[in-house]
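Here the structure comes first, spelled out in C-alpha cells, and everything after it is commentary.
Read-outs: derived from the displayed coordinates by stated rules, not from any lab. It should be emphasised that the depicted structure is a prediction, and the values quoted were computed from it without experimental measurement. Cβ sites come from the backbone with ideal geometry, for glycine too, and all protein chains shown count toward neighbours.
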Amino acid sequence: MIEVHTTAAVHIKPPRSVSIRQQSQNPHHSVSPDRDRFVIGSIRPDSRRYPAPGLNPKKYRDTVSRQPADKTTLPRKAFTRFCIKGALLLVLVLPVPGTAFSSPEKLKPRPEILVSGSWLSKNLKNPSIRIIDLRPPVNYANGHVPGAQWLSPGMLFTSSNGVDGMLPEPADLKKTLEAVGIDSGLHIICYDSMGGEMAARLFWALEYLGHDKVSLLDGGWPKWLSEKRRITRREKKAPPGTLNVNPNPDVLAVYDWLLEKMKEDRLAIIDARPREEYRGKNRRSGSSGHIPGAINLYWSSHLNRDGTLRSPEELLAMLEKLGVTPEKETVVYSQVMKGASHTYFTLRWLGFPRVRGYDGSWSEWSARPESFLEQ
C-alpha cells in the first residue's frame with residue numbers, strides 16, 4: 001500500500017469571477033474520437049517540476065561535530081546557521097494542523113489494471129483475455145495486435161437531451177460490447193494510439209457496467225510498435241460475448257449530484273482539459289471557463305514521453321501539490337469525458353477509493369442556465 005502524507009496546507013485562490021448563466025445554447029460541437037492524433041513527441045512532462053520530498057543528509061550534517069575538542073560553544077556564524085537549519089528541519093518534518101498528515105488515508109493501488117507489452121506478448125494465446133483495439137478502422141486494417149478486435153470509439157458516445165458526448169444507455173452499451181466479444185468471464189485488454197484516451201473511456205464504461213476485469217496496455221500502440229512486437233493484418237472475428245450488466249452509480253457523476261455536492265468541503269474536482277480551455281481563452285462550447293473550484297490538470301501530464309504512465313511517486317506528488325488527496329471524493333471532467341477518462345483511470349490505478357467521471361462534462365455544464373461558471 002502507498003500512504004500519502006500532506007505536509008503543508010494548500011492555499012486556493014478565490015475565484016476571480018463567478019457568474020450564473022442566464023441564457024445558453026446547447027453545444028453542437030462534433031465528437032470525433034476516431035481522429036488518430038496522438039503524437040508521443042508532443043508530450044514533454046518534466047518530472048523535475050514535481051520532486052519527491054526528501055532531505056540531503058550532507059546539507060544538514062551536524063556542525064557541532066566539526067568543532068575542536070576543547071571548544072564548548074559554537075562560533076556565532078556557525079551557531080546561527082545551525083539554528084536556521086534546525087528550524088527548517090522542524091518545518092519539513094512536523095505535521096501541519098488540519099492536514100491529512102496526522103491521519104493519512106491509505107491507498108489501495110491496482111497494478112493489475114495496467115499491463116506491459118511484455119506481459120501481453122506472453123499472453124496473446126491466453127483464452128481468458130479479449131484484446132480491444134480502439135484506433136480508427138484504417139489503422140486497425142494496416143496492422144494490429146494479434147487477436148485484437150476492433151471497436152469504433154464513436155460507439156462509446158451518444159447525445160442525450162441535447163448534450164453531446166454522453167455514455168450510451170447500459171442496454172445499448174451491452175449490445176455494442178458483446179458484438180466484439182466482450183464477455184463477463186474475460187479479462188479485457190484495451191489500447192489506442194492517442195495516449196490511452198479512448199482505451200480509458202472503455203475502461204470507465206466497463207466499470208460503470210459492473211465489469212472490473214479490464215486493463216490498459218501501457219504506452220498503447222506506439223509503445224507496442226517501438227518494442228518491435230508481433231503485429232498482424234489478419235482479422236479474425238471473435239464470437240459474441242455475454243456481458244452481465246450491473247451499473248455502478250458510484251463511478252458516475254451527474255449534473256444534479258455535482259451541483260449539490262459542490263457545497264461540501266471534501267470534494268476535489270479535476271478539469272482535465274488543456275489550460276487554455278480551462279482559463280476560458282479557447283471556447284469549444286456555449287460558454288468558456290470551468291466549474292467553480294476545479295483545479296486544472298491536463299490529462300497528458302500523467303504520461304512519460306513514450307506514452308507510458310509516470311511512476312506512482314511522481315503522480316502522487318503532482319496530485320498532492322494540487323490538493324487532490326485520497327480522503328476526498330474526486331470528480332473528473334473534460335469537454336466530453338474523453339481525456340478525463342484517462343484521469344479517472346490514473347486515479348484508480350493509484351488506488352484512490354472514491355473517483356467519479358462527470359458524464360456530461362463541460363459540454364453539459366456550460367449549457368445549463370443554472371450553472372455557475374468561473375474564469
Open item on the list: Can you work out the Karplus-derived ³J(HN,Hα) for every residue in the stretch 232-237? Use 6.51 cos²θ - 1.76 cosθ + 1.60 with θ = phi - 60°, whole Hz, and x for glycine or proline.
Closed with: 8, 9, 5, 10, 10, 6
Task: Cβ-based net charge around His342, under 11 Å, with every Lys or Arg adding one and every Asp or Glu removing one - done: +1
Open item on the list: Taking just the alpha carbons, could you work out the radius of gyration and Dmax for the stretch 111-226, both in angstroms?
Closed with: 13.7, 45
Task: Shape category assigned to the stretch 136-184 from the gyration tensor of Cα positions, a/c cut at 1.5 - done: oblate
Open item on the list: At 0.36 nm per residue, and after removing the present C-alpha to C-alpha distance, how many nm does the segment from Arg305 to Ala171 gain when stretched out fully?
Closed with: 44.4 nm
Task: Summed side-chain charge close to Glu178 - residues other than Glu178 whose Cβ falls under 14 Å, Lys, Arg +1, Asp, Glu -1 - done: +2
Open item on the list: Skipping prolines and chain starts, which residues have an amide H placed within reach, meaning under 5 Å, of the one on Ala253, given they are 5 or more residues away or on another chain?
Closed with: Gly357, Tyr358, Asp359
Open item on the list: Run the simple label-point estimate for Trp257 and Trp119 please: 7 Å along Cα→C-beta, distance reported in nm.
Closed with: 2.8
TODO: Along Cα→Cβ, 7 Å out, is where each label goes; now give me the distance between the ones at Ser184 and Asp250 in nm to one decimal.
DONE: 1.9
Task: Sequence-distant residues sharing a close amide H with Ile129 (under 5 Å, placed H) - done: His187
Open item on the list: Using 30 Å as the Cα-Cα cut-off, could you pick out the over-long pairs in Lys108/Lys261; Lys263/Lys321; Lys108/Lys236?
Closed with: Lys108/Lys236
- [ ] Treat the count of other C-beta atoms within 10 Å as a stand-in for reagent exposure and order Glu276, Glu314, Glu327 from fewest to most.
- [x] Glu276, Glu327, Glu314
- [ ] Find how much the distance from Thr232 to Glu313 grows on full extension, using 0.36 nm per residue of separation minus their present alpha carbon separation; answer in nm with one decimal.
- [x] 25.5 nm
